[in-house]
Amino acid sequence: PHNLTEVINGCLALINDGDISIDELMAHIPGPDFPTGATINGKAGIVQAYRTGRGRIYVRACADIEVDEKTRCETIIITEIPYQLNKSRLIERIAELVKEKKIEGISELRDESDKDGLRVVIEIKRGEMGEVVLNNLYAQTQLQSVFGINVVALVDGQPKVLNLKQLLECFVSHRREVVTRRSIYLLRKARDRAHTLEGFAIALANIDEIIVLIKQAPTPAEARAAMVARGWEPSGVLPMLEKAGSSATRPDGLEAVYGFVDGQYYLSPNQARDILELRLHRLTGMEQDKIIEEFSVRLEEIAEYQSILGDPTRLMSVIREELEALAAEFSDPRRTQIVESQHDFTVEDLITEEERVVTMSHAGYAKTQPLADYQAQRRGGMGKSATAVKDEDFVEHLLVASTHATILCFTNTGKVYWLKVYQIPVAGRNSRGRPIINLLPLEEGERINSILPVEEYRDNQYVLMATANGTVKKTALTQYSNPRKVGLRAVDLAEGDQLVGTAVVDDDKDVMLFSSEGKAVRFAGSDVRPMGRVSKGVRGMRLPPGQRVISMVIPEEAGYLLTVCDNGFGKRTATAEFPTKGRGGKGMIAIQVSDRNGPLLGATQLFVGDEVMLISDQGTMVRIRGDEVSVIGRNTQGVRVIRLKDHETLVSLARIAEPEEIELVVTDENSSVEDQG
């Protein structure tokens, strides 16, 4: 239901300006107006419904929280409830929830409604917050109800979904048809009556001759025939007829032999019949004046109806006048208030943007932690526990991203899922986090192999993917801009292959792949042609048996490549030492792998001031300055980056770019570094 005055105002605005927009119409019709009042919680659903024809609105009961000055106990007073909600059933439901202990904090519930209006009183226990209890009532009862809007109407016999403007246009068109058909009907009735009155006027003008003719006729039928057969002097009505027009009072279908012909008036059979049925008292002078007066009124009505039917502007004026009269007679103030709420915003708008450390374990647990929870340490420090892991579980994926970023989650089956960083729960260092299957609809046996943070989908950017078998693939980033809850096919993986790295690139960038044997290959991104989402890709690096690609890096001129091995040893090397060659080669030495170093774990790119976060299979995390890692040539073993315990190996590393304004103060070689900004 809507407010009558608002709907009429919207119709009048549309009549005055046919090019008015939906948003401008919403200034006149802000939303539904329910007889029971209550509050519409947010305009997002209304806007969607008015723009598309479909939407959902949230209607909340009107409730106030009063505080007793003596006891300091709070009381919830409900004065309006959503439309079609039964008050008695609502009270019963609240009592059931209190009895089942699904809602805590209510000490008493009573109905104080009377003739003055609805009033439900909910007393809150001492120490409980009324706002919290009220929010629970909104969530678990019909104190907050959802109304679906689906504007489907038959238009020209076809069902259509209409937006607000189309709906009003259909109504105005209907009113135009109604007024037109009504005017046609009234015009026909007025002409019939005027035709009869015209006959009366002719008879009164020739009353003596009419009386003689009737007296001489043996039967009424012969009298009627005699009156129709001859012409009569039209002196009494001629001035009025000339003013209105010769056809103004002529009924539809009247033969041409009747009416004015050669200066004489010939009565029609219907006029003759009505004259014979005329009572004698109508022949008095007063009655004659009434007949002439009524005839004049009918002529004015006929002229009005002809004006309406002949002039579209006049027709719309009539519609406007009738709508205004309707509003003046039946208007009433709006009862349902529309308020702003969280439904008017996306969840992202309510989340503070900050950098988070995102971790996903091998067993499928995910969590985020504020970046500030980690303190920078000197190279070689023991680090802090980043996450609690069960036996045989370890943190497999780690990245630093904004809470507003979208994470593209690529799985071992070649599918991609979308996940907002803020959707991943915040947990402490010793918490495992939440199972990823509770956040994404992963199928049985499906697990996440690679994650990629995305801030914005741009037309000139691509998602570059590298697999463990050395395959690379480039797909337009825009192909991943429409999230689907069930995910999408991202790449066609060969059996036994898996994703090891993803990046957002353009054609001007080079690509580097690092293998577990400590080699790297660098080639131009343009060497990889763009492909569709489900293609397999092309060869990026040729690998010997038993080796695999472990990292992919997009090198920059001012950057250094950090390579770290399983046993915690690593180094920085200038990107200039890695020349660009063709795609598909065996690669050049990036770091020497040995018994001391172990296989190459991963590689990432560092810039001046960056920090590095390393994590082991036992959940130990250390954060160090990248500048403290020695810069060494390609064909070397490197230095100790993280001190590991026995039987502990590294599993992941990530680069951290701290804001420039934060100053870090080092106390001693093995102590932690704390923010002083």
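General observations
- Among the residues making up the stretch 123-165, those that are under 20 Å from residue 56 (Cβ atoms), within 23 Å of the chain's Cα centre (by Cα) and either in a helix (DSSP H, G or I) or among the β-branched types (Val, Ile, Thr) (or both) are 138, 139, 146, 149, 151, 152, 161, 164.
- Residue check, residue 191 basic (Lys, Arg), within 16 Å of residue 293 (Cα to Cα), modelled with pLDDT of 85 or more and crowded, with 18+ Cβ neighbours inside 10 Å: yes
- Annotation: of all residues in the stretch 410-431 being in a loop (DSSP other than H, G, I, E, B) and buried (at least 20 other Cβ atoms within 10 Å of the Cβ), the one that is modelled with the lowest pLDDT is 414.
- Meets criteria (surrounded by 14 or more Cβ atoms within 10 Å (Cβ to Cβ) and either at pLDDT below 80 or under 26 Å from residue 306 (Cα atoms) (or both)) for residue 217: no
- Close pairs from the stretch 153-180: first among the acidic types (Asp, Glu), partner in a helix (DSSP H, G or I) and at pLDDT below 90, Cβ under 7 Å, at least 6 apart: 169/14
- For residue 13, the conditions (1) touching a residue at least 60 places away in the same chain (Cβ under 8 Å); (2) in contact with a helix residue (DSSP H, G or I) (Cβ under 7 Å, 6 or more places away or on another chain) all hold with the exception of (1).
- Residue check, residue 334 modelled with pLDDT under 90, surrounded by fewer than 17 Cβ atoms within 10 Å (Cβ to Cβ), of a type outside the set (S, T, N, Q) and not in a helix (DSSP H, G or I): yes
- Residue check for residue 103: modelled with pLDDT under 90, in a loop (DSSP other than H, G, I, E, B) and not hydroxyl-bearing (Ser, Thr, Tyr): yes
- Only one of the numbered conditions (1) in contact with a Lys or Arg (Cβ under 6 Å, 6 or more places away or on another chain); (2) within 29 Å of residue 579 (Cβ to Cβ) is not met by residue 487, and that is (2).
So that you can scan it fast, the table gives a plain yes or no per residue for (1) among the β-branched types (Val, Ile, Thr); (2) buried (at least 18 other Cβ atoms within 10 Å of the Cβ); (3) out of contact with any Gly (no Cβ under 8 Å at 6 or more places or on another chain):
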{"residue": "17", "(1), (2), (3)": "no, no, yes"}
{"residue": "57", "(1), (2), (3)": "yes, yes, no"}
{"residue": "71", "(1), (2), (3)": "yes, no, yes"}
{"residue": "80", "(1), (2), (3)": "no, yes, no"}
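- If only residues of the stretch 511-527 that are assigned to a strand (DSSP E or B) and out of contact with any Gly (no Cβ under 7 Å at 6 or more places or on another chain) are counted, the one that is nearest to residue 475 (Cα to Cα) is 524.
- Residue pairs whose Cβ atoms lie under 6 Å apart, sitting 6 or more positions apart in sequence or on different chains, and linking a residue in the stretch 305-321 that is closer than 22 Å to residue 192 by Cβ to a partner that is of a type in the set (Lys, Arg) and in a helix (DSSP H, G or I), are 307/314; 308/314.
- Cβ-Cβ contacts under 9 Å between residues 6 or more apart (or on different chains), taken from a first residue in the stretch 62-87 that is free of Cβ contacts under 8 Å to residues at least 40 places away in the same chain and on the phi < 0 side of the Ramachandran plot to a second residue that is small (Gly, Ala, Ser) and surrounded by fewer than 12 Cβ atoms within 10 Å (Cβ to Cβ), are absent.
- Screening residue 599 against (1) more than 26 Å from residue 461 (Cβ to Cβ); (2) crowded, with 19+ Cβ neighbours inside 10 Å; (3) in contact with an Asp or Glu (Cβ under 9 Å, 6 or more places away or on another chain) leaves a single unmet condition, (2).
The values are calculated or read from the model by the stated rules, or taken from the named source; none is laboratory data. This one's a predicted model, so the numbers in the text were calculated from it and none came from an experiment. With ideal geometry, Cβ positions are generated from the backbone for all residues, glycine too; neighbour counts draw on all protein chains shown.
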